[in-house]
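A short reminder: the numbers here are calculations on the coordinates, not readings from a lab. Bear in mind the structure is a predicted one, so any value in this text is a computation, not a measurement. Ideal geometry is used to build each Cβ from the backbone, glycine not excepted, and the neighbour counts take in all protein chains shown.
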Amino acid sequence: IPQCPLSVPGLTWEFKDGRDQAIMAIPTRDMCYLECLNTAGCAGATWQLNDIAEGICFLFKEIEEYQPCHFCESAKAPLPVNDVCNAPEDKILDIQDTKNELDCIDRCARKSGECQFYSYFGEESILPNKCMLFKSCEDVTNAEGCPDIHSGEIQCFMPPQCSDYKVLDHFTRKNTFRQFHLCDTNDNIENIASPDWDEDGWYRVKGEAGSYIPEYEVPFQSCGTVHSGYLKDTHPVMYGETKNATVCFTDADEPCAFEKEIQ
C-alpha cells in the first residue's frame with residue numbers, strides 16, 4: 001500500500017475552457033496520468049468514467065480548490081526537477097527497471113515515505129527504462145545532450161479532511177464510561193450536547209476518547225450516551241482513502257437497533 005497516496009477518488013478541480021484540456025476516449029486512469037506527465041505545464045489530471053466516450057481525461061494547468069466529481073479519480077503531477085538528481089550514495093534508495101515514468105513514480109510512493117524524488121530514464125536515454133529513487137535532491141547534474149530523462153518530486157495527494165477536521169477527545173466517549181446523559185446533537189441543549197461536539201463535519205477521534213470508532217458491538221448505555229454507536233464495517237486500509245460505512249446504535253434489546261451512514 002503506498003505510504004504516499006498519488007491519487008484520490010471523488011475529487012477534482014475547477015475546469016476552465018481555454019486553459020485546461022479534455023481528452024476523449026482514454027480507457028484507463030493510468031493512461032490519463034501518463035498524458036499529464038507528457039504534457040508541458042500539466043499540474044494535475046482527472047480521469048472520469050464515461051459510457052459514451054469510454055473515459056475522459058481532464059488535464060489542468062492550475063489546481064486550486066477541490067470540488068466533488070462522480071466516477072472519477074485525480075492525481076497531482078510531480079513537481080518538475082531540471083536535469084538529474086545528483087545525490088550521495090546514502091541518499092539513493094534504489095535503482096530499478098521500470099516500464100514508464102508513472103511506474104517509477106509509483107515505486108517512489110511505495111517506499112514507506114522515504115522516497116521524495118525520482119529520475120526516470122526513458123527508452124531513448126542512456127539508461128533505458130531505469131528508475132532512480134532518492135531521499136533528497138539537493139543537487140542536480142546537467143542532463144543537456146542526454147534526452148528522455150525526467151526527474152521530479154512526488155506529491156502526496158491527501159483529501160482535505162485528512163488535515164482539516166474537528167476533534168472528538170472527551171473522556172466520556174470511552175466505551176468504559178457508563179453514564180449516559182450526553183448526545184451528539186446540533187441543538188444547543190444544556191447538559192445534553194456532548195462537550196466536544198461541533199455540528200456535522202469531519203471528525204478525528206483522539207486523546208482521552210481513544211483513537212478510532214470501535215468495530216465491535218459496544219454495550220447499551222455506554223460511551224456517555226444511551227444508544228451507543230459502533231462501526232458495522234471496517235476502517236479504510238489505504239492512506240487517504242475515503243470510505244462509506246454504517247454505524248450501528250444499540251438499545252436494551254437490539255445490538256443494532258438503528259443505523260446511520262457515514263464516511
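Once the chain from VAL237 to THR39 is taken as fully extended at 0.36 nm per residue, the excess over their C-alpha distance is 68.0 nm. Given +1 at the Cβ of Lys and Arg, -1 at the Cβ of Asp and Glu and no other charges, the dipole of the range 122-219 around its Cα centre is 520 debye to the nearest 20.
Please work out whether the range 185-263 counts as rounded, prolate or oblate from its C-alpha gyration tensor, where a ≥ b ≥ c are the square roots of the eigenvalues and a/c under 1.5 means rounded, while otherwise a/b larger than b/c means prolate and anything else oblate?
Because a/c hits 1.5 or more and a/b fails to exceed b/c, the range 185-263 counts as oblate.
In the chain, helices alone account for a calculated mean residue ellipticity at 222 nm of -2000 deg cm²/dmol, with every DSSP H run of four or more residues adding -39,500 (n - 2.57).
By the gyration tensor of its Cα atoms, with a ≥ b ≥ c the square roots of the eigenvalues, what is the shape of the range 29-152: rounded for a/c under 1.5, prolate for a/b over b/c, or oblate? Cα axes put the range 29-152 in the prolate bin. Considering only CYS85, ILE95, CYS137, the residue lying farthest towards the positive end of the dipole of the range 61-169 is ILE95, judged by Cα position with unit charges set on Cβ. Partners of LYS61 within straight-line reach, counting lysines whose Cα lies under 21 Å from its Cα and excluding those fewer than 8 residues away in the same chain: LYS16, LYS76. Distance from a point 7 Å along Cα→Cβ of GLN161 to each backbone N in the range 219-263: keep the residues under 17 Å and list them by number. Residues 230-248, 260-263 fall inside that zone.
Dipole check for the range 142-181: with +1 at the C-beta of Lys and Arg, -1 at the C-beta of Asp and Glu, and the Cα centre as origin, the magnitude is about 760 Debye. Of the listed values (i) 6, 25, 29, 20, 13, 6, 1; (ii) 7, 30, 36, 22, 5, 0; (iii) 7, 23, 24, 19, 15, 9, 2, 0, identify the label whose number matches P(r) over Cα pairs in 10 Å bins from 0, in percent calculated from this model. After the calculation, the listed value that fits is (iii).
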